[in-house]
1. Out of the residues in region 54-87 meeting the condition of being open to solvent by 20 Å² or more (accessible area, probe 1.4 Å), in contact with a strand residue (DSSP E or B) (Cβ under 6 Å, 6 or more places away or on another chain) and aromatic (F, W, Y), tell me which one is nearest to E13 (Cα to Cα).
2. Within region 30-49, can you find the residues that are more than 9 Å from the chain's Cα centre (by Cα) and open to solvent by less than 70 Å² (accessible area, probe 1.4 Å)?
3. Take A20 and tell me if it is at pLDDT 90 or above, small (G, A, S), closer than 14 Å to A86 by Cβ and in contact with a strand residue (DSSP E or B) (Cβ under 9 Å, 6 or more places away or on another chain).
Amino acid sequence: SDIKEESKVEVIEVLNKEQAKELIQMYNQGVNYTYEGDENNFNALKEKGLSGYVFFPDYDTDLGFFVDKNTSNIYYFHPSGYLKLAI
């Protein structure tokens, strides 16, 4: 008799850059964002062991947003290392 072995694969979903931008635009509707980099561009993120994407709104400010690609959490972010959960 045929016995089928089913293997379970755990799918770990991480956000890509486009998905992260869509998420941040849903959080702040009507605002355009520019991608500024990821953990490889910002030592503050790398030092904290975080990975994801940094976006700055298209208006004059030094406070942007970091979207964690593993958790989908959105943080207020400053390149100096300031990081605070936004929602």
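The values are calculated or read from the model by the stated rules, or taken from the named source; none is laboratory data. None of these values were measured; they are calculated from a predicted model. For neighbour counting, all protein chains shown are included, and Cβ atoms are generated from backbone atoms with ideal geometry for every residue, glycine included. We work out accessible area using only protein heavy atoms, side chains counted, and drop any ligands, DNA or RNA first. Shrake-Rupley method; radii C 1.70, N 1.55, O 1.52, S 1.80 Å.
1. Checked region 54-87; the qualifying residue nearest to E13 (Cα to Cα) is Y75.
2. If we filter region 30-49 for residues that are more than 9 Å from the chain's Cα centre (by Cα), which is where we start, we get 30-37, 39-49.
Within region 30-49, V31, Y33, T34, G37, E39, F42, A44, L45, G49 qualify.
3. Working: at pLDDT 90 or above: yes; small (G, A, S): yes; closer than 14 Å to A86 by Cβ: yes; in contact with a strand residue (DSSP E or B) (Cβ under 9 Å, 6 or more places away or on another chain): yes.
Answer is yes for this residue.
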